[in-house]
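Quick note: the coordinates plus some simple rules give every number you see, no bench work behind them. Just so we're clear, the structure is a prediction, and the values are computed from it rather than from any experiment. Here the Cβ positions follow ideal geometry from the backbone for every residue, glycine too, while neighbour counts run over all protein chains shown.
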Ligand SMILES: Cc1cc2nc3c(=O)[nH]c(=O)nc-3n(C[C@H](O)[C@H](O)[C@H](O)COP(=O)(O)OP(=O)(O)OC[C@H]3O[C@@H](n4cnc5c(N)ncnc54)[C@H](O)[C@@H]3O)c2cc1C
């Protein structure tokens, strides 16, 4: 066993950290308050290779490992969880789905534009009536000649209103249950597809989240992604990898909150001394630092196993469950250590506290992670 990152990985961490501090940190609150996703950041993210982190060089990707993917997402989340969420959804959901299950023509058509950051990727599984129970989706795709005709709507879609390319799951054969769901790539501007309501969110506000509506949206037959009827099964494989990314996001967010709390505890004086000298504060710091290290180990282990080609359903869910829940605790303690200043927008604590709740919900709630883990343990 070797827990040390390589020199290249250390360099990657430093590079992404410096980038996030210089290009993202100064704008975090402005983007949050205006709910603005900074499209102007895309060329800079792409220049660093962050729009195509794990994709093959032949498509312009950075060909990094899953471990390196975690380093990138963690460092972005440490500074701005919302930007990290967008980068994770673009890489880990939309682009991954095309890279994993697209044919040669689809990869050639879509991957270069996605990894160069010319377009943002979106991925549509969830519907108003089908969240945790995603297989009960109502959106349909019916074959008509050389097209598939999509009807229905998707909810809570990251980049739903600003994504240039979207992977959409739809029912192609209702009688076959989850084996009757297929995936399609739909380009922004396709007639019959339009963005619906943009969500006004508690946190992750710089990351666009919108409804997407399909009304007789005709998609060319060659945009069927993967085999007909395999869309939901492929989705579960995409999520096995995606959840490692949300675990890394959680670790980064927790790290950012912990560092803010540590810094403040040394500056803030009460009863004639820094509050860091009080054991009650020290124990919070110690507990959070310990939990963050444990979450990081689970996350990087899942990523390492993925890099070895192993199936990581259980490890991904364990990492996502644990990391997201300890991140909630880290953000809560960060506010508590800041006292009243944790409740106002002059300090970063309140934003971590708002952003963090998404990580126990997105890409499967904590309850669903426990269900996935239990099924794996029981061999179901
Ligand atoms: C900011 C944001 C971004 C998102 N981005 C995307 C995206 O890009 N693409 C996409 O497809 N989706 C996206 N989602 C949707 C997200 O994946 C869903 O919100 C999530 O899966 C939960 O579904 P739901 O909201 O319908 O909750 P529900 O499924 O209705 O769950 C409500 C509650 O019931 C619990 N519950 C449900 N079933 C069970 C069960 N069997 N056992 C125990 N408890 C259960 C849940 O854990 C939860 O506590 C996003 C959501 C948000 C908030």
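Listed values, structure above:
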| quantity | calculated |
| --- | --- |
| Answer residue from segment 352-380, given it is under 25 Å from residue 27 (Cα atoms) and in contact with a helix residue (DSSP H, G or I) (Cβ under 6 Å, 6 or more places away or on another chain) and is surrounded by the fewest Cβ atoms within 10 Å (Cβ to Cβ) among those | 353 |
| Among residues of segment 104-126, those that are within 18 Å of the chain's Cα centre (by Cα) and either more than 24 Å from residue 18 (Cβ to Cβ) or away from the ligand (no atom under 12 Å from the Cβ) (or both), counted | 10 |
| Among the candidates 243, 263, 269, residue that is without any contact (Cβ under 8 Å) to a residue 40 or more places away in the chain and under 21 Å from residue 81 (Cβ atoms) | 263 |
| Candidates 254, 286 - the one that is free of Cβ contacts under 8 Å to residues at least 12 places away in the same chain and either more than 25 Å from the chain's Cα centre (by Cα) or in a helix (DSSP H, G or I) (or both) | 286 |
| Some residue of segment 171-185 being touching a residue at least 40 places away in the same chain (Cβ under 8 Å), touching a helix residue (DSSP H, G or I) at 6+ places or on another chain (Cβ under 7 Å), over 26 Å from residue 109 (Cα atoms) and not in a helix (DSSP H, G or I) | yes |
| Residue, surrounded by the most Cβ atoms within 10 Å (Cβ to Cβ), within segment 127-143, restricted to residues that are within 16 Å of the ligand (Cβ to nearest atom), without any contact (Cβ under 8 Å) to a residue 40 or more places away in the chain and outside any loop (DSSP other than H, G, I, E, B) | 127 |
| Odd one out for residue 165, checked against (1) surrounded by fewer than 18 Cβ atoms within 10 Å (Cβ to Cβ); (2) within 14 Å of the ligand (Cβ to nearest atom) | (1) |
| Segment 355-380, residues that are assigned to a helix (DSSP H, G or I), in contact (Cβ under 8 Å) with a residue 40 or more places away in the chain and within 15 Å of the ligand (Cβ to nearest atom) | 355, 356, 357, 358, 359, 366, 367, 368, 369, 370, 372, 373 |
| Selected residue (criterion: farthest from the ligand (Cβ to nearest atom)) from residues of segment 149-162 that are part of a loop (DSSP other than H, G, I, E, B) and in contact with a strand residue (DSSP E or B) (Cβ under 7 Å, 6 or more places away or on another chain) | 161 |
| Answer from 150, 114 - the residue that is farther than 17 Å from residue 219 by Cα, surrounded by 19 or more Cβ atoms within 10 Å (Cβ to Cβ) and either touching a helix residue (DSSP H, G or I) at 6+ places or on another chain (Cβ under 6 Å) or touching a residue at least 60 places away in the same chain (Cβ under 8 Å) (or both) | 114 |
| Some residue of segment 338-354 being farther than 19 Å from residue 255 by Cα, within 16 Å of the ligand (Cβ to nearest atom) and in a helix (DSSP H, G or I) | no |
